[in-house]
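Accompanying notes for the structure given below.
The values are calculated or read from the model by the stated rules, or taken from the named source; none is laboratory data. Worth saying up front: this structure is predicted, and the values here are computed from it rather than measured. Neighbour counts run over all protein chains shown; Cβ positions are idealised from the backbone, glycine included.
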2 protein chains.
Amino acid sequence: MNFENWSCPLPLLDYPTIVLGHGGGGKLSAELIEHLFLPAFGNPALLNLGDSSVLTVPAGRLAFSTDSFVVRPLFFPGGSIGELAVNGTVNDLAMSGAQPLYLSAGFILEEGFAVSSLGEIVTRMARAAYKAGVQIVTGDTKVVERGHGDGCYINTSGIGVIPDGLQIGPGLARPGDVILVSGTIGDHGMAIMSVREGLEFDTVIESDCAPLSELVADLLPLGGIHALRDPTRGGVASSLNEIAASSGVGMIIEDVRVPVEPEVQAACNLLGLDPLFVPNEGKLLAIVAPEKADAILDRMRAHPVAGRACVIGRVTDKHPGLLVSKTRIGATRVVPMQLGEQLPRIC
Amino acid sequence: MNFENWSCPLPLLDYPTIVLGHGGGGKLSAELIEHLFLPAFGNPALLNLGDSSVLTVPAGRLAFSTDSFVVRPLFFPGGSIGELAVNGTVNDLAMSGAQPLYLSAGFILEEGFAVSSLGEIVTRMARAAYKAGVQIVTGDTKVVERGHGDGCYINTSGIGVIPDGLQIGPGLARPGDVILVSGTIGDHGMAIMSVREGLEFDTVIESDCAPLSELVADLLPLGGIHALRDPTRGGVASSLNEIAASSGVGMIIEDVRVPVEPEVQAACNLLGLDPLFVPNEGKLLAIVAPEKADAILDRMRAHPVAGRACVIGRVTDKHPGLLVSKTRIGATRVVPMQLGEQLPRIC
C-alpha cells in the first residue's frame, strides 16, 4: 500500500464527530468500516467481514498478547496512540521471540470525538502495521456517551509465530549473563511528560516508539539470548526486577553505562524522576550468554533502531530477586520495583 | 477449577478501590495480577507471565476475533459485563465454525472503581470461560483518572481452530436456503433496558447471555450450514441484512414465526422498539440447505441453549440485498438496516 498520496477517506454520511450510532452495528457502523477502516487496513482476512477473521498459520507455537492504550495526549512528538497501539503489541510478541503476524484493533470512542482525528489515528496505525510487517485483520468499535471516555481508547491483540526450538523467557536469565539495552532510555515517557507539563528544551524530546520485531529477528539466529523485554510501563527498573524475580537471580547495573539523552535527563531532573523508571516504546533489554554478548551487541548496533546499544550490567548469583545499581560516585543502591504509577496514562 | 467454595481473593495491599497505580506496571499492578487475575484465570500459559502467552495450536486455519464491552449497568439480570466479555468473543469465533480455545482480557478501569466489583467480574469471567471451554491466557490492565471512564471496560480477543474443509461464511447463503433462529429474540437488550428504564413485569427479563460454541460443534457434523451469525448489536434484522448483502440474495421472514417472550414484547411496545432490532447474546441465526433444515432444527432443540429453535424464513433470489418481513396481517414490509443506535451501551 502506498501512503504517499493517500488521504484519509471520511464516512459518507458526513458526520464530523463520532455519534453513538457509530457504535450501534447499523448503517453508521458500516460506514465507518467501509470508508475508514477497510481502506486503511484493507487485507483479504479483514475484507471477509465475518464475526471473526480466518487466518492460516503454520503448526507449532503461537505467541498471543493484548494491550490497551489510553495515552494522553493522543498525539505527541514522535508518534500517537495509533503507532503506540501497533508497536506496543508487535513488541510484546517480539519479546517472546515470535514473528508478529496479525493484530486486532478494538476502539472505544467517546461521543463527540472528531472523525478527522480518528482518521489520522487509523492512518498512522495502518502505516505502523505496514512498517512492522503485520496485518490488522479484525476489529470492533464501541461508542460511549460524552464524559465517559477520553476521545479514543484502543486495544490491540496480536498473534505471532515462535521459531521451532527457540527457548527464551523471563525465567531463563543465569548468573554470568550480560545485560544489554538497545539504546537510550526514557525518551517516550519524557516526550509525553514534556508536552503535558509544557517543558521546553533546545531539542524537542521525541518518543522512541518503533517496532522491534525486525531487530529481534536479526538477533535470534546468533543464539545465546536468554530473555528479552521491552521496558514500557515501569521502565528498565521494573523489567529487570521482574526478570530477576522470575529467574531467581540478582542483577547489577552501572548508572554511568545507561544511555540517556541530555534533554531526557534534564526533564527527569526537573520532574524529579529517575530515567530507570521511565517508559520506553522502542527499546529492548536482552539478557544474553557472556560469550555471545559482543556478537549480539554488534548486530544490534547495525540496526537503525538500536544504534546506541550497549552493555549496562550483568546477572549474578548474589542477592537473588534484587536489582542493584552502582551509582556514579561508586556507591551501590537497591533499585526496587516501584509501588504504583509515577507517570499515569503514558501508553 | 471448583468455584463452589471459591471466594474472590483481594489484593494484599488492601486498597478497596482502584487507584492509578493499579495500572502502572509496578507493585500494585503485580498485586492485582498475582492475587486476583492469576487465582481466577490460572492456567499454564498465563502463569508464564511473559509479555505474551505461548500457545500450541494445530496447523490449519485459525479464527481471530476481538470485541470491547462497555455495557451499562455492569451487572444485570442474567449476567454481567464479565459473562458478556467471555461469551461475546466465544460466540464470534463459533460463528466462523471455529472451536474457541484461547482468550485475552484487557481491562480499562476508572480510578475509584471498587476492587470488590472487579473481583466479582473477574470471577464471573473465569466461570464463563470454564463453561465455554476456553482459557484466558493473556491480559492487560490500564487505569484512567476519575471521570474518564465508566468503572470498567473490557476487551476480549480470541483464537479458535476451524475444522478442516469447513466452508461457512456470510457470503455463502443461497436462494432456497432456510433461515433458523435458535430461540427467542430480544431478551438481552430488554433485560438491560428494563433495568435502565425501571420497567417491572411479573417475570424479570433475563439476558440470554450464553456460549454457543458447543451448539455449533453439535450442528456442524450434520452438514448443510452455509452461514451462522449471532445477532448482537442491531439484532436479527441487521444480521440478516448483512448476510443478504454479502451473499447477494434476498431474505423473507414471517413475523408470526419469530419467537419473542411476552415480557420482552411488552417491554418493546412500551419503549417503541422492534424486537427484530434488539440485541441478543446467546442466540444464533443459521442459514442452511433446505434438505438439512429438519435435522439441524432437531439437533438444535436437543441442546439446552436452543430449546425453542424454529424456522423463521427463507432465502430468495428476489430483491437481492433486502430483508422483507410478512407481517401478522399478511402485508409485506422491507426491514432496513438501522441507521445508528437505538440501544446504546447494550454490550
Of the residues A:Leu199, A:Leu212, A:Leu166, which single one is over 26 Å from A:Pro44 (Cα atoms) and either under 19 Å from the mean Cα position of the chain (by Cα) or within 13 Å of chain B (Cβ to nearest Cβ) (or both)?
-> A:Leu166
Selection count, the stretch A:163-207, where residues are of a type in the set (D, E, K, R) and modelled with pLDDT under 95 = 5
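State whether the residues of the stretch B:193-206 include one that is within 24 Å of B:Pro336 (Cα to Cα), in the same structural domain as B:His303 (by TED's automatic domain parsing) and crowded, with 22+ Cβ neighbours inside 10 Å.
So the first thing to find is which residues in the stretch B:193-206 are within 24 Å of B:Pro336 (Cα to Cα), and the list is B:193.
Applying the additional criterion that residues be in the same structural domain as B:His303 (by TED's automatic domain parsing) yields B:193.
Those still in the list that are crowded, with 22+ Cβ neighbours inside 10 Å too: B:193.
So far as the stretch B:193-206 goes, yes, one or more of its residues are within 24 Å of B:Pro336 (Cα to Cα), in the same structural domain as B:His303 (by TED's automatic domain parsing) and crowded, with 22+ Cβ neighbours inside 10 Å.
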Does the stretch B:82-109 hold any residues that are polar (S, T, N, Q) and closer than 15 Å to B:Leu212 by Cα, and which are they?
-> B:Asn87, B:Thr89, B:Asn91, B:Ser96, B:Gln99
Output the number of the condition that A:Arg61 fails; it satisfies all remaining conditions of (1) facing another protein chain (nearest Cβ under 7 Å); (2) over 23 Å from B:Asp51 (Cβ atoms); (3) charged (D, E, K, R).
-> (2)
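Table: residues versus (1) touching a helix residue (DSSP H, G or I) at 6+ places or on another chain (Cβ under 9 Å); (2) more than 30 Å from A:Ile108 (Cα to Cα); (3) in the same structural domain as B:Asn269 (by TED's automatic domain parsing).
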| residue | (1), (2), (3) |
| --- | --- |
| B:Leu284 | yes, no, yes |
| B:Val288 | yes, yes, yes |
| B:Arg301 | no, yes, yes |
| B:Val305 | yes, yes, yes |
| B:Arg314 | yes, yes, yes |
| B:Lys318 | no, yes, yes |
| B:Gln342 | yes, no, no |
| B:Arg345 | yes, no, no |
Of the listed residues (A:Ala309, A:Ala266, A:Ala237), the one being within 14 Å of another protein chain (Cβ to nearest Cβ), among the aliphatic types (A, V, I, L, M) and on the phi < 0 side of the Ramachandran plot is A:Ala237
Have a look at A:Leu55, A:Leu47, A:Leu28 and point out the one that is free of Cβ contacts under 8 Å to residues at least 24 places away in the same chain, surrounded by fewer than 21 Cβ atoms within 10 Å (Cβ to Cβ) and assigned by TED's automatic domain parsing to the domain that holds A:Gly133.
-> A:Leu47
Only unsatisfied item for B:Ala128, checking (1) within 15 Å of B:Gly42 (Cα to Cα); (2) in contact with a Phe, Trp or Tyr (Cβ under 9 Å, 6 or more places away or on another chain), is (2)
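Could you tell me whether B:Pro175 is at the interface with chain A (Cβ under 9 Å from one of its Cβ atoms) and closer than 30 Å to B:Lys318 by Cα?
Values: at the interface with chain A (Cβ under 9 Å from one of its Cβ atoms): no; closer than 30 Å to B:Lys318 by Cα: yes.
Against the criterion (at the interface with chain A (Cβ under 9 Å from one of its Cβ atoms) and closer than 30 Å to B:Lys318 by Cα), B:Pro175 does not qualify.
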Is at least one residue of the stretch B:81-91 within 13 Å of chain A (Cβ to nearest Cβ), touching a residue at least 12 places away in the same chain (Cβ under 8 Å), buried (at least 24 other Cβ atoms within 10 Å of the Cβ) and out of contact with any helix residue (DSSP H, G or I) (no Cβ under 9 Å at 6 or more places or on another chain)?
-> yes
Kindly indicate whether any position in the stretch A:240-254 is under 19 Å from the mean Cα position of the chain (by Cα), under 21 Å from A:Arg301 (Cα atoms) and more than 14 Å from chain B (Cβ to nearest Cβ).
-> no
Return a yes/no flag: does the stretch A:31-44 have any residue that is within 19 Å of B:Gln167 (Cβ to Cβ), more than 7 Å from chain B (Cβ to nearest Cβ) and within 29 Å of the chain's Cα centre (by Cα).
-> yes
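What is the residue count in the stretch B:306-333 for residues that are in a loop (DSSP other than H, G, I, E, B) and touching a His at 6+ places or on another chain (Cβ under 9 Å)?
Within the stretch B:306-333, the subset in a loop (DSSP other than H, G, I, E, B) is B:307-309, B:317-322, B:327-331.
Those left that are additionally touching a His at 6+ places or on another chain (Cβ under 9 Å): B:309.
Here the count works out to 1.
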Set A:Ala267, A:Ala295, A:Ala302, A:Ala306: member being loosely packed, with under 15 Cβ neighbours inside 10 Å and under 22 Å from the mean Cα position of the chain (by Cα) | A:Ala302
Please tell me if B:Leu339 is in a loop (DSSP other than H, G, I, E, B) and either crowded, with 24+ Cβ neighbours inside 10 Å or modelled with pLDDT under 95 (or both).
-> yes
Exception for B:Arg127 within (1) within 10 Å of chain A (Cβ to nearest Cβ); (2) surrounded by fewer than 19 Cβ atoms within 10 Å (Cβ to Cβ) falls at (1)
Among the residues of the stretch B:114-127, is any of a type in the set (Gly, Ala, Ser), in the same structural domain as B:Leu46 (by TED's automatic domain parsing), modelled with pLDDT of 95 or more and in a loop (DSSP other than H, G, I, E, B)?
-> no
Screening A:Pro290, A:Pro259, A:Pro275, A:Pro279 for residues that are surrounded by 17 or more Cβ atoms within 10 Å (Cβ to Cβ) and more than 18 Å from the chain's Cα centre (by Cα) leaves only A:Pro259
Of everything in the stretch B:312-336 that's of a type in the set (Gly, Ala, Ser) and surrounded by 12 or more Cβ atoms within 10 Å (Cβ to Cβ), which residue is nearest to the other protein chains (Cβ to nearest Cβ)?
-> B:Gly321
May I ask you to list pairs of residues, at least six apart or on different chains, whose Cβ atoms are under 7 Å apart, with the first in the stretch B:134-151 being more than 7 Å from chain A (Cβ to nearest Cβ) and part of a strand (DSSP E or B) and the second being surrounded by fewer than 24 Cβ atoms within 10 Å (Cβ to Cβ) and of a type in the set (S, T, N, Q)?
-> B:Gln135/B:Asn43
